[in-house]
Amino acid sequence: MKTLVLGSTSVFRKSILEKLNLPFQCASPDIDESALVNETPQALVERLAIEKAKAVSVNFSNALIIGSDQVAVYDGEIIGKPHTHENAIKQLSKFSGQTVTFYTGLCVLNSDTQEMTSLVEPFTVLFNALSPNNIEQYLKAEQPYNCAGSFKSEGLGICLFKRLQGDDPNTLIGLPLIQLVKLLKVHGVDVLAEQNS
């Protein structure tokens with residue numbers, strides 16, 4: 001099997017990929033993640049997933065590189081990381097009782113042939129009605145200031161939600177595994193068959 005490389009330094013994506021029980025390496029993609037003028041959220045995450053995979057591929061031969069990127073979208077606007085307590089309060093107050101859609105771009109790139117497959121996977125979160133007290137308690141407990149949308153769904157953030165809609169709960173954390181398994185198969189890697197090799 002080719003070397004698998006995750007083009008990400010995210011501990012969350014790493015822990016998701018570990019579920020497939022395959023050996024892999026991680027590498028930092030180091031790219032400019034700014035959106036282009038008039039770029040849709042879906043186009044942005046697919047382009048960045050591809051750029052991350054390409055940036056990492058120059059350092060690996062005979063490898064399959066996995067690139068992934070995610071944005072949160074509310075009311076047609078891309079929601080970034082809050083970075084501060086005040087911004088996180090603003091974001092979560094806006095989301096109270098509302099729906100936020102996450103788009104995750106995924107790419108698998110063969111570093112030798114440059115053959116590539118990519119897609120965008122949506123996932124929707126419906127928030128509970130959140131009181132200022134709920135928001136304050138959550139932010140003090142988890143401090144999710146480096147997370148788009150001001151929450152960690154893999155932690156206490158789950159308490160903020162009324163409903164999750166999507167094909168794969170891993171998507172919300174940043175790596176759609178069901179789709180990744182399909183893309184790896186396109187590139188000749190059968191995850192179950194590799195378990196005994």
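Only a single item in (1) part of a helix (DSSP H, G or I); (2) within 25 Å of residue 11 (Cα to Cα); (3) without any contact (Cβ under 8 Å) to a residue 12 or more places away in the chain is not met by residue 32, and it is number (1). Here residue 117 fulfils each of the conditions (1) modelled with pLDDT of 95 or more; (2) farther than 15 Å from residue 68 by Cα apart from (2). The single condition among (1) outside any helix (DSSP H, G or I); (2) open to solvent by less than 90 Å² (accessible area, probe 1.4 Å) that residue 162 does not meet is (2). Listed by first and then second residue, the pairs with beta-carbon distance under 6 Å, at least 6 apart or on different chains, first residue in segment 1-29 and closer than 14 Å to residue 184 by Cα, second polar (S, T, N, Q) and open to solvent by 20 Å² or more (accessible area, probe 1.4 Å), are 2/62; 5/25. In segment 25-40, of all residues being under 18 Å from residue 105 (Cα atoms) and in contact with a strand residue (DSSP E or B) (Cβ under 6 Å, 6 or more places away or on another chain), the one that is most open to solvent (accessible area, probe 1.4 Å) corresponds to 26. Restricting attention to segment 175-190 and to residues that are within 19 Å of residue 2 (Cβ to Cβ) and of a type in the set (Val, Ile, Thr), the residue that is most open to solvent (accessible area, probe 1.4 Å) turns out to be 186. Of everything in segment 9-24 that is closer than 15 Å to residue 108 by Cβ and more than 16 Å from the chain's Cα centre (by Cα), the residue that is most open to solvent (accessible area, probe 1.4 Å) is 24.
The values are calculated or read from the model by the stated rules, or taken from the named source; none is laboratory data. Values in this document were obtained by computation on a predicted structure and should not be read as measured data. FYI the Cβ positions are ideal-geometry reconstructions off the backbone, even for glycines, and counts take in every protein chain you see. Surface areas here come from the heavy atoms of the whole protein model, side chains and all, with no ligands, DNA or RNA. Shrake-Rupley method; radii C 1.70, N 1.55, O 1.52, S 1.80 Å.
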